[in-house]
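Below is one structure, written out as structure tokens; the observations come after it.
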Amino acid sequence: MNDHYEHVNRLMVEASQLSDGPAKVVLVEMAVGIADSHQDLDLAFEVRKILLGTCLSADNSALMLVTFTWCLAQHDRNPERFPLERILFEFRWVVSSLPTFPEITLAKIREMQAEMVRRYESVGVSLRSYWLMSRKMAVDMGDAKAANKASRELHNSPTDWLADGHETELGFEITFRLFREEFDLALKAAWPFVMREVYSPHFEGQACADVLFPLLRENRAKEAMRFHRRGYKLRSKNIRHLDSIAKHIAFLALTDNLARSVRLLERHLPEAMQTSNAYNRLRFLIDVLPLLDRLTKSGKETIKLRLPMECPVTDSARHSVVELHKWIHTIAGELAQTFDSRNGNTYYSGRLAGIGQMQRWFSPCPVAQ
Amino acid sequence: MGHKFQIHLRGIIDLLSKHLYSGPEVFVRELLQNGVDAIRARQKVEPEFAGSLSLELHTPKGKPATLVATDDGIGLTEEEVHKFLATIGESSKRMAEGDRPTDFIGQFGVGILSCFLVSDEIVVISRSVKEGSPAVEWRAKPDGTYDVRTLTGDLSPGTQVILTAREDAEEFFKFERLSELVKHFGGMLPYPIKVSSGKRNEIANERGVPWRQEFSSEKERTRSLLMFGREAFGLDFLDALPLRSKAGDIDGVAFILPHEASLTARRAHRVYLKNMLLSESADNLLPDWAFFVKAVVNANDLRPTASRETFYDDDKLAAARDSLGDCLRAYLVNLAEKRPEKLEKFIDLHHRALKALAAEDDEFYRLFIDYLPFETTHGRMSLGEYRREHGNLLFTPTVDQFRQIARVASAQGRCVINAGYSYDHELLTKAPEVFDDLTVEELDATEIVQSFEDVSLEEQESAHLLMTVAESALKSFRCEPELKKFKPNELPALFSTSKDGRFFRSLEQSKEIADPLWGGVLDQLGKREKRASAHSQLCFNFENPLVRRLVSLTKKPLIRRSVEMLYVQSLLLAHQPLNAKEMGLLNDGLLALIEFGMANEE
């Protein structure tokens, strides 16, 4: 009689065997489909809740948004059967992902932030996680004023059952401090993760990448290398973390480990070109440019590496460094302009223009110590 | 002026038992540990000293049982008793070895307190090897009070710990249980441990560990290791191999699990530190890809975490993990080169692990890729078989796409690989780097329709009415009709949709019920891709007899109903979920069929 439960269960077990990524998303989506086919609304709601988390881990924000919309609509239709509290936690993931879609307008993002406040207030929960997310969104959109305001509000908001844990807040603090170029404070926030005083493999992976440039600036390459060795492994398997991966690639170049840096570029550039997350692609492309600069500075005119199909210089196995630099710079420039024009500022174009400055931190240090 | 904290010892013991120790039985580990430390300390001043331990149970009738744990180690002077046994957290080992001792097992100096988990009193009688030291008795209660007195009489150097069974801990004072615990925690210790109760006695660690023994042949060693595995875990493992690492000074054995292991299952290895059991659930000792293995190892040079559940993840452990990974790699290479039958069995169970490894290691990829199995439209086959029989690789990127096209591709003799499972996509796209002239092609379900044979102009004209009605019937489902010829002939229609198509089906579904604000966001999101008017295709098969008959029909309602039913049927065949509207079609169609049958009967 409840065969569809079994079928859904089987798919969920199959999905649980897979590592995070698109294949897992497809299996959970199939389970959603079965619940829908049987018009089993409760099951469809439950499985969609799982799909939200699966999408987050697989960097599929578009499907996460679509799925959340369905869940929220079910709540609106039947608030007692599907209380808002059941999806409030996921709300922040969805709203904070909106800046990563260049096609979603700034006005719409603001409306959705207001919607989040309205919904949170309707159940009387603290806006602490709202401000945390708003700060992240402001950072993602290069809006320093909004980020600072959100930061002040965050610290004035009480903690409650819905607020993020200490680890999450600390993890987001690193990003905020890097955005403000307060490198010492960024290191301070990252330190508990890299030293494993706070246990969180997710934020440890992020922190290990985030400390690389601040440590290089302080001439602490050897110390940073330790975090590269540990951190890259933590982030290399998931396309969601392309931004961290790019930092490792640039770090290797700036420590004169060109062969390894090129190898990682070869491995991850196709992922960056395939990802549906244009924002992650942009950050990846900007942050790998120091490698190309480094190759040029070292007198390398051509390199041998596999490039993604999208690259117009894929005719031979050996490629001109200048041409490759130009290609990556052009795509990054176009994306930066798209995001800047939506965000109403020049943050990403500015970052792209200033990327050459990173060569000041060049400090040779072997990977193996 | 210095002040001392007031410490509530009972509270500390509760804290330890709840948060630091896995259960009261750890008192046996702590007793053994203290004994071993004492023997090692004595060996430093008397290098030839052998050392031994004993645990003796006394079970007088009508009285609680007592346990006397004895070691012939270095012993304590009266001053040391005051200093070390009465100061919580202080450890004699720390004084000897600096802040982070590496020579001794214990680091935290609170081990003795674990005895309060099973006894309301701890009595320690000790005599130091230092010349002229008298024997000392330390008697402590859980409320933090203790007495120390000097004993007369001629006791041998060493230490005795005497515990009296508390009512709720009697099970630990029985011979079988105690013997089991001594074997569990101290089975690898290099000093004989005698366990006795009345007339019963045994040397609990007499057999030692099999991977340190000499064997006449490799086969004999494997047999012995497997027997050890069966006794330790109750499992008949597929195989066993020794593990060694200079980093961390590690030796041990890895057992190959006899069942398929989950990629995401928590790894739990049995680890010893300086031959004393540290944990049954160490999870960071082996590389992530080695989830097909259960390991038992001893490390002499790794740091335990404070919870003593596993090792501290520092650079030394990372180096040790790489070395142990190399042992497993070498084993697999040996299987590939010399033991093909065993390799076959291994792959049958653990191909996921091999795929994980091949995805991250190019050398390993070259060696194993041809052995690794993939699901194809012709059944499961290894990549080597596929290449031999079909040449270039053709795959669908998701399980969903594979299910859509499996039947048709198979009927057309095209062998398509399902790359929807972990690592498959990565492994397939890497193949051209290894095999010269090999190409890899990704097949989208909608593309397969394009490869079908076109109908002639006359045939197309004959089906004009069918296609017009179908277009109108399917429009609201964002599905486009198509007419082609394809195998198998008995399949009247094929539904296909791409990844984007599937996404838009979900998007539309959510938009239908969303409020204007959220609907507006989805609208903007939908503009992202160049959106086709249709998300999917229904391709009618002109070779199918039913479709031929449909072409000859002239009544539009009948054609429409038939198209709708073929649409639903093709969705089901493609393993596509039906939304509410499509379920409605199915229900209406079935009811109409019943009515039609009843009308004929009447």
Round to the nearest 10 and report in Å² the accessible area of B:D168, as given by a 1.4 Å probe over the protein chains' heavy atoms.
110
For segment B:377-475 the translational diffusion coefficient, Stokes-Einstein from a Kirkwood Rh over Cα pairs at 25 °C and viscosity 0.890 mPa s, in µm²/s, is roughly 158
Just check segment A:14-92 against the gyration tensor rule for me: Cα atoms, a ≥ b ≥ c as the square roots of the eigenvalues, rounded for a/c under 1.5, and otherwise prolate or oblate depending on whether a/b exceeds b/c.
oblate
If you stretched the chain out fully between A:A259 and A:D76, how much longer would it get, using 0.36 nm times the residue separation minus the C-alpha to C-alpha distance?
60.3 nm
How many nm separate the modelled label positions at B:K61 and A:V322, each set 7 Å beyond the Cα in the direction of the Cβ?
10.3
Average the reciprocal distances over every distinct pair of alpha-carbons in the protein assembly as shown, invert the result, and give the Kirkwood radius in Å.
33.0
How would segment A:199-272 be classified by its alpha-carbon gyration tensor: rounded, prolate or oblate, with rounded meaning a/c under 1.5 and the a/b versus b/c comparison settling the rest?
oblate
B:D283 paired with B:F233, simple spin-label distance in nm, labels 7 Å along Cα-to-beta-carbon
1.6
Tilt of helix B:175-186 relative to the longest C-alpha principal axis of chain B, in degrees (0 to 90, nearest 10)?
80
Compute the acute angle (0 to 90°) between the alpha-carbon long axis of helix A:242-254 and the principal axis of greatest extent of the alpha-carbon atoms of chain A; round to the nearest 10°.
10
Between segment B:361-401 and segment A:204-247, what is the separation of their alpha carbon centroids in Å?
34
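Which whole-number percentage describes the relative contact order of segment B:190-275, with Cα contacts under 8 Å and a sequence gap of 6 or more?
Values: 79 pairs, mean separation 14.9, N = 86.
Relative contact order of segment B:190-275: 17 percent.
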Residues with amide H under 5 Å from that of B:S197, placed H, sequence gap 5 or more:
B:L57
Dipole-positive endmost among A:V211, A:I249, A:W161 within segment A:136-290 (Cβ charges, Cα centre)
A:I249
Take B:E46, project a point 7 Å from its Cα along the Cβ direction, then tell me which residues of segment B:70-84 have their backbone nitrogen under 18 Å from it.
B:70-78
Whole-Å distance, taken between Cα centres, linking segment B:209-239 and segment A:56-116:
56
Fully extended contour minus Cα-Cα distance, from B:Q450 to B:E180, at 0.36 nm per residue
90.3 nm
Would you tell me the accessible area of A:W131, worked out with a 1.4 angstrom probe on the heavy atoms of the protein chains, in Å² to the nearest 10?
40
Taking 0.36 nm per residue of separation and subtracting the Cα-Cα distance, what length does fully extending A:Q274 through A:D42 add?
80.1 nm
Could you tell me the calculated FRET efficiency between B:I203 and B:L155, based on Cβ-Cβ distance and R0 = 22 angstrom, to the nearest 0.05?
0.40
Just to verify a number: FRET efficiency for A:K145 and A:E266, C-beta to C-beta distance, R0 = 56 Å, to 0.05?
0.90
Along segment A:192-204, what does the Karplus equation 6.51 cos²θ - 1.76 cosθ + 1.60 (θ = phi - 60°) give for ³J(HN,Hα), rounded to whole Hz, x for Gly and Pro?
x, 6, 5, 8, 6, 7, 10, 8, 6, x, 5, 6, 4
I need the calculated FRET efficiency for the pair A:N9 and B:H259, taking r as the beta carbon distance and R₀ as 25 Å, to the nearest 0.05.
0.80
As a test of the formula, what do you get for the protein assembly as shown when each DSSP H run with n ≥ 4 contributes -39,500 (n - 2.57) and the sum is divided by the residue count, at 222 nm and rounded to the nearest 500 deg cm²/dmol?
-16500 deg cm²/dmol
Segment A:147-212: spread of alpha-carbon positions along the three principal axes, whole Å, largest first, is 31, 27, 14
Starting from the eigenvalues of the Cα gyration tensor, five times each then square-rooted, give me the equivalent ellipsoid semi-axes of chain B, largest first, whole Å.
73, 29, 21
Rounded to the nearest whole Å³, what is the per residue volume of the convex hull around the Cα atoms of segment B:400-541?
156
What residues have an amide H closer than 5 Å to that of B:A65, excluding those fewer than 5 places away on the same chain, when H is modeled at 1.01 Å from N in the peptide plane?
B:A165
Just to be sure I understand the model, the point goes 7 Å from the Cα along the line to the Cβ. What's the resulting B:S462 to B:E512 distance in nm?
3.7
Place a point 7 Å from the Cα of B:A319 in the direction of its beta carbon; the residues of segment B:235-264 whose amide N falls under 18 Å from it are B:244-251
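Two decimals is fine: what's Rg over Rh for segment B:118-254, C-alpha atoms, Kirkwood radius as Rh? Don't jump to the answer; show the numbers that get you there.
Details: Rg = 20.7 Å, Rh = 18.8 Å.
When Rh is taken as the Kirkwood radius, the ratio is 1.10.
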Would you mind checking the tilt of helix B:218-233 against the longest principal axis of the Cα atoms of chain B, expressed as 0 to 90 degrees and rounded to 10?
90
Radius, Kirkwood style, for chain A when every pair of distinct Cα atoms is counted (Å)
22.0
Buried on assembly, segment B:217-265 (at least 10 Å² less accessible surface than by itself, 1.4 Å probe):
B:S262, B:L263, B:T264
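The values are calculated or read from the model by the stated rules, or taken from the named source; none is laboratory data. Note that the coordinates shown come from a computational prediction; the quantities given were computed from them, not determined experimentally. So basically every Cβ, Gly included, is an ideal-geometry build from the backbone, and we count neighbours across all protein chains shown. Keep in mind that these areas ignore ligands, DNA and RNA; they rest on the heavy atoms of the full protein, side chains included. Shrake-Rupley method; radii C 1.70, N 1.55, O 1.52, S 1.80 Å.
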